[in-house]
1. Could you say which residue among Asp370, Asp361 is assigned by TED's automatic domain parsing to the domain that holds Trp393, closer than 26 Å to Thr145 by Cα, free of Cβ contacts under 8 Å to residues at least 24 places away in the same chain and acidic (Asp, Glu)?
2. For segment 347-395, what are the residues that are among the acidic types (Asp, Glu) and under 21 Å from Val273 (Cβ atoms)?
3. Going through Gly311, Gly299, Gly289 one at a time, which residue ends up being on the phi > 0 side of the Ramachandran plot, in contact (Cβ under 8 Å) with a residue 60 or more places away in the chain and not in a helix (DSSP H, G or I)?
4. Kindly list the number of the only condition in (1) in a helix (DSSP H, G or I); (2) modelled with pLDDT under 85; (3) not aliphatic (A, V, I, L, M) that fails for Ser211.
5. Say whether the condition of being β-branched (Val, Ile, Thr), within 30 Å of Asp126 (Cβ to Cβ) and modelled with pLDDT of 90 or more is met by at least one residue in segment 332-347.
6. Restricting to segment 303-325, and then to whatever is aliphatic (A, V, I, L, M) and surrounded by 15 or more Cβ atoms within 10 Å (Cβ to Cβ), can you tell me which residue is nearest to Asp405 (Cα to Cα)?
7. Mind listing whichever residues of segment 97-113 are modelled with pLDDT of 85 or more and either basic (Lys, Arg) or surrounded by 18 or more Cβ atoms within 10 Å (Cβ to Cβ) (or both)?
Amino acid sequence: HYGRGKSEVSDICMSSTVQPWCKIIVYCYGTVPKSSTAFQDSTVMTSILKHKALLTEPIGKPLNNHKCIAPGCPSIGERRRVRYFRLPSDQQRRNQWLANSDRQDLKSQSEKSLYTRVLCQLHFHDSQFMNAQTYQRLIWNAVPTLFGKDVRRLEDFEPKEAAVKPDHPYTVPSPELPPSSAALPPAPLAPAPPLADSLRHYVALCTELKSQLAEKDRRLKALDKFSDGIVDSVVNQVKILPSEKQQQLVNALSPFGKLNKDEGTSKEPKVRVEVLLISRKHPGHTLLGLRTRCTWARGLYMVPGDFLHFGESWEAAAVRVAKEETGLILIEPRVCSVVEMVRASEGYHWINIFMVGKVADPEAEPAASDEAVCTGWHWFAWDALPGEELLFWSLRDLRRENVLDLTVFQ
């Protein structure tokens, strides 16, 4: 009601029919000069509306508290040690985040309304951060995979309280000094060292590093020669043992050979069985794990897989692999695709047989055994898998073909 006097405005606003849109009037009045009559009227209206409890919160001031969209997340917006990340602007990656966090209900909302939605750092693996020490920024194609019982604990990010030593009973506080009015003179800057001295320093460091490297190389060659001698001695002693003792020794050493079952190169092609697990509880999804218990292809996502044993059928291998890697019982295994992977420079030539099968108990949760290569098993939507650079090579090639529809096998 621009142009009305103070008494008229007071009568209007103190009436019982005052409407919430008076907030807008006060906001508009707040932009006029302070010397004008309109500003004085707006001051009166603001005080009256606050008295009427219509202005319950400051106008135009956004809320600072964040809340993670993951159901049951233990993070709280006021915790400074927990970082929050907005949903990606890319629709495909945003849908993948929502699917992994079990928030399919948010997919129908507009991009503008999802701008303030966040996920906290408790749902991201260390490999998804540019720096796993500071946890400040995610990689460009980061995917949240830690939910439910796999979610991180808040205690992992809380600062440890420093131990405070109690004062001795005989300590006396020092008297306070009066403030000094005279400003302290600036401290003189130390002159920069001469350039020639710096170069000589770095040359000396390089020389020292070269000598240390040569010494370590000499020790490594000596250790290799010593280990070869030990192996030859053990082999000669094994040869004189009875055949029964030799077989017992081979059986005792067989578990150590499984540790590098994926890393051994061979000039002969190998057949590998990989399993796409599906569940009625997660339609259109398959189970992926992160390779963490190996040195080769570490940090890549893959499905349960292993090399085909001698005399073993594809179906039996699929059931065995699913049980060993995830602890889940597989039923109705079927062949869905075959992918050939050749890396001649590294000596790898694999024939990957992809099997698809249903989980016998949809309510069962995957659990990695002590001998499993992958950990952190999680259900991923087939149309929202992690980026190609994060997928194991055989799964990456299968995804590139884009001819597989998991819903057909449900």
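1. Asp370
2. Glu371
3. Sole residue among the options that is on the phi > 0 side of the Ramachandran plot, in contact (Cβ under 8 Å) with a residue 60 or more places away in the chain and not in a helix (DSSP H, G or I): Gly299.
4. Of everything listed in (1) in a helix (DSSP H, G or I); (2) modelled with pLDDT under 85; (3) not aliphatic (A, V, I, L, M), Ser211 misses just condition (2).
5. no
6. Val303
7. Selection gives Trp97, Leu98, Ala99, Asn100, Ser101, Arg103, Lys107.
Yes/no matrix, rows are residues, columns are (1) of a type outside the set (S, T, N, Q); (2) farther than 15 Å from Ile69 by Cα:
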{"site": "Asp105", "(1), (2)": "yes, no"}
{"site": "Thr116", "(1), (2)": "no, no"}
{"site": "His123", "(1), (2)": "yes, no"}
{"site": "Ser127", "(1), (2)": "no, yes"}
{"site": "Arg137", "(1), (2)": "yes, yes"}
{"site": "Trp140", "(1), (2)": "yes, yes"}
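The values are calculated or read from the model by the stated rules, or taken from the named source; none is laboratory data. Predicted, not measured: the structure shown is a model, and the values here were computed from it. In this analysis, Cβ positions are derived from the backbone assuming ideal geometry, glycine residues included, and neighbour counts consider all displayed protein chains.
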